[in-house]
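Written out below as structure tokens is the structure these notes cover.
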Amino acid sequence: MARATTNAAAAPAPAQELSGPAQHGLELYRRMLVIRRFEETVQSLFQKGEVHGTTHLYIGEEAGAVGVGDVLKAQDRAAGTYRGHGHALGLGVDPQALLDEMLGRASGVCGGRAGSMNVIDLAHRLIGCFGIIGGSISAATGAALALRREDGVAVAFFGEGTTNHGYFHECLNFAAVRKLPVLYMCENNLYGEFTPWEDVTAGEIEARPRTLGIHTETIDGNDVWAVREAAGAAVERARAGEGPQFIQSMTYRFVGHSRSDPGAYRKPGELDRWKQRDPLLVARTKLTGELGVPPSGVDEVDAAVEAQIDAMIEAALAAPYPDPSLPVREFAPQAEHAP
Amino acid sequence: MADLEFRRAIRDALDEELARDERVVFFGEDVAKPGGVFAVTPGLFDAHGEERVFDTPISELAITGAAFGAAVSGLRPVIEIMFGDFLPLAMDGLVNQAAKYWYLSNEQASVPLVVRSAVGAGGRFGAIHSQSPVPWFQAVPGLRIVAPSTPVDAKALLKGAIRDDNPVLFFEHKRLYSIKEPLPDDPIEAATLGEARVVREGGDLTVVTAMRGVHDALAAAEQLSADGIELEVIDLRTLRPLDLPTVLASVRKTNRLLALEEGPLTGGWAGELVARVSEEALGELDDVWRLTTKDLPIPYSPPLEDAFLPGTDAIVANVRGRLVAA
């Protein structure tokens, strides 16, 4: 990986010459790149023994979280999965606090109590990441019961494997009956852990929500603009009272299911074909093509993100661990509830 | 003076909390328009409207998971899981999500959620509609378990559970729904959770129990009093966390402890109570034991079920045998 150089960082593209869509596109690209570099960092720090347990990386799927995160409003919320670092960053969770959490530090977004699979950050609209599949679906379904009082929408991220789970069937029916403002964002990365989705899934995934009367759509999940457009329309339909929405976002993870998985189940040539559709490559091509961003403008973002991540690693490694001797409260103390 | 029926007390607590706090919502299977399969919740739908009191699909995963999501997003949901035996279907939402959120989130938010559920045997419902699922949850940090024994207490404790900021399992024993007691003159206020109550004073043996067991223990105490054995009966009211100080104060007086639990011997709250009391007050105990059911499923046939449960006659025989033999 090329390191940021002062020269690259000091050669800014003149931002004032870029169009609105180009500037916005560059920002979407930057957010996806932060996720990519963040995940590579987690992988590298895992190998060095600084990240513990297990991790599930979002590499290759960045357009989904960034596209959805970009269309949500302040009163909206989302729930992610155990592959949730991208979901968190897409919602605006501070990358430093997230990295500190991965390293189990007191400055982590959950004080080091949660770790990779269970991140919660309500200040950034993240209800939580759920380590058991389907939890994100029910959490978002319930959040929608509350959020619709404030014109809000809830989003559930989950993988295609979850569409075989009871949570999926129970909650989508529940939400459809109640006409809840919720977007069910199915990220189909073709494999449930190590098993190809088609080996364990009967029929078409989209047919399942459709039969419940839920609006469905299948999109290119590696094109952040496509995700943004579909998610934006779906979220606004939900907000307008049209009930739950379903998107199947076709994507691919470039790394194993978890840290111990070499991906031996992949079909020959499959990974290479998907890398031609790398969300970062798709975005760079569009930025430097139809959006008219000079390559140096994209390079500048690359360099800035490299520098940001390098500084983050240094800060995370220097951050103190939580103090085991501090008192812990099993229960929330009683607040005053008179309305 | 009017009487208050147990099921009416539950209904009134819900009605008053729904009226008091617009964040409170109530949902479950058959609870709204039909008014509940145990006729506990009639009229709430009409009084508070479809947005706040509604019937759900038969979907315990969805009901419980949605209640969790709503509770961390500004509502204070009360849900009904019809029979406690159905709670295994809802375990993930309760154990992995609701119970851990306050801690895992580093205290970003608590989970004000109440799960009402009908529990207990003696109604000839058979093995899978009669259990008292306390042991399944007592090993879960972050959960409270409330188990009232009287109508007035049911109302006070349910109001307290709804106002508590933590996930609360609220167990209603099926053989208590039809009991009545005089309605007090003063309004029934919300009770603080976690406080046991001495419901009968006596110097010979402390009997600690809950729900239906309180009534059986009090009836046994009257019979044993004729023999000159005076029981002190404690109604735990909250089964998790246990109110150890109230139990210890009593044990220091009687020097004997019987933990009476309607549930299997292995892994129940009675075992936990005996362990805690032994750790704290071993030197003051002359005797300590449990009376529970056997480690077997609950039978259906009436003579089998009656013999299976630690009812009044079983308590009397058990205490006589233990104290006279000793």
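The values are calculated or read from the model by the stated rules, or taken from the named source; none is laboratory data. Everything numeric in this text was worked out from a predicted model, so none of it was measured. Every residue, glycine among them, receives a Cβ derived from its backbone with ideal geometry; neighbour counts consider all protein chains shown.
Scanning region A:108-140 for residues that are under 17 Å from A:Gln75 (Cβ atoms) and at the interface with another protein chain (Cβ under 9 Å from one of its Cβ atoms), we see that the one that is surrounded by the most Cβ atoms within 10 Å (Cβ to Cβ) is A:Ala140. Taking the criterion of being crowded, with 24+ Cβ neighbours inside 10 Å and part of a helix (DSSP H, G or I), the only residue of region B:100-110 that qualifies is B:Tyr101.
Residues of region B:233-253 that are surrounded by fewer than 24 Cβ atoms within 10 Å (Cβ to Cβ), basic (Lys, Arg) and farther than 17 Å from B:Ala139 by Cα: B:Arg252, B:Lys253. Which condition number in (1) farther than 16 Å from A:Ala316 by Cα; (2) surrounded by fewer than 22 Cβ atoms within 10 Å (Cβ to Cβ); (3) more than 8 Å from chain B (Cβ to nearest Cβ); (4) without any contact (Cβ under 8 Å) to a residue 40 or more places away in the chain is the one that A:Gln75 fails? Status for A:Gln75: all satisfied but (4).
Tell me which residues, restricted to region B:26-71, are among the hydrophobic types (A, V, I, L, M, F, W, C) and facing chain A (nearest Cβ under 7 Å). Answer for region B:26-71, where residues must be among the hydrophobic types (A, V, I, L, M, F, W, C) and facing chain A (nearest Cβ under 7 Å): B:Leu61, B:Ala62, B:Ala66, B:Ala67, B:Phe68, B:Ala70. A Cβ distance below 6 Å, combined with a sequence gap of six or more or placement on separate chains, defines the contacts here; from region A:29-47, residues that are within 14 Å of A:Ala316 (Cβ to Cβ) reach no residue that is among the aromatic types (Phe, Trp, Tyr).
Determine, yes or no, whether B:Arg240 is within 14 Å of chain A (Cβ to nearest Cβ), in contact with a helix residue (DSSP H, G or I) (Cβ under 8 Å, 6 or more places away or on another chain) and not hydroxyl-bearing (Ser, Thr, Tyr). It is true that B:Arg240 is within 14 Å of chain A (Cβ to nearest Cβ), in contact with a helix residue (DSSP H, G or I) (Cβ under 8 Å, 6 or more places away or on another chain) and not hydroxyl-bearing (Ser, Thr, Tyr). Taken together, the residues in region B:98-109 that are free of Cβ contacts under 8 Å to residues at least 60 places away in the same chain and under 22 Å from the mean Cα position of the chain (by Cα) amount to 1. Whether a residue is under 18 Å from the mean Cα position of the chain (by Cα), away from every other protein chain (no Cβ under 14 Å) and surrounded by fewer than 19 Cβ atoms within 10 Å (Cβ to Cβ) was assessed, and B:Gly123 passes this test.
Considering only residues in region A:244-260 that are at pLDDT 95 or above and among the β-branched types (Val, Ile, Thr), the one that is surrounded by the fewest Cβ atoms within 10 Å (Cβ to Cβ) turns out to be A:Thr251. In the set A:Gly263, A:Gly241, which member is surrounded by fewer than 13 Cβ atoms within 10 Å (Cβ to Cβ), in contact with a Lys or Arg (Cβ under 9 Å, 6 or more places away or on another chain) and at positive phi? Selected residue: A:Gly241, the only one of A:Gly263, A:Gly241 that is surrounded by fewer than 13 Cβ atoms within 10 Å (Cβ to Cβ), in contact with a Lys or Arg (Cβ under 9 Å, 6 or more places away or on another chain) and at positive phi. What about B:Val207, is it outside any helix (DSSP H, G or I) and crowded, with 23+ Cβ neighbours inside 10 Å? In short, yes.
Please tell me if A:Gly263 is closer than 28 Å to A:Ser138 by Cβ, in a loop (DSSP other than H, G, I, E, B) and under 22 Å from the mean Cα position of the chain (by Cα). Here the answer is no, as A:Gly263 does not meet what is asked. Within region B:138-190, restricting attention to residues that are within 14 Å of chain A (Cβ to nearest Cβ) and in a helix (DSSP H, G or I), which residue is farthest from B:Asp15 (Cα to Cα)? So, considering only residues that are within 14 Å of chain A (Cβ to nearest Cβ) and in a helix (DSSP H, G or I), the one farthest from B:Asp15 (Cα to Cα) is B:Gln138. For region A:141-175, filtering for residues that are more than 10 Å from chain B (Cβ to nearest Cβ) and of a type in the set (A, V, I, L, M, F, W, C) leaves 4.
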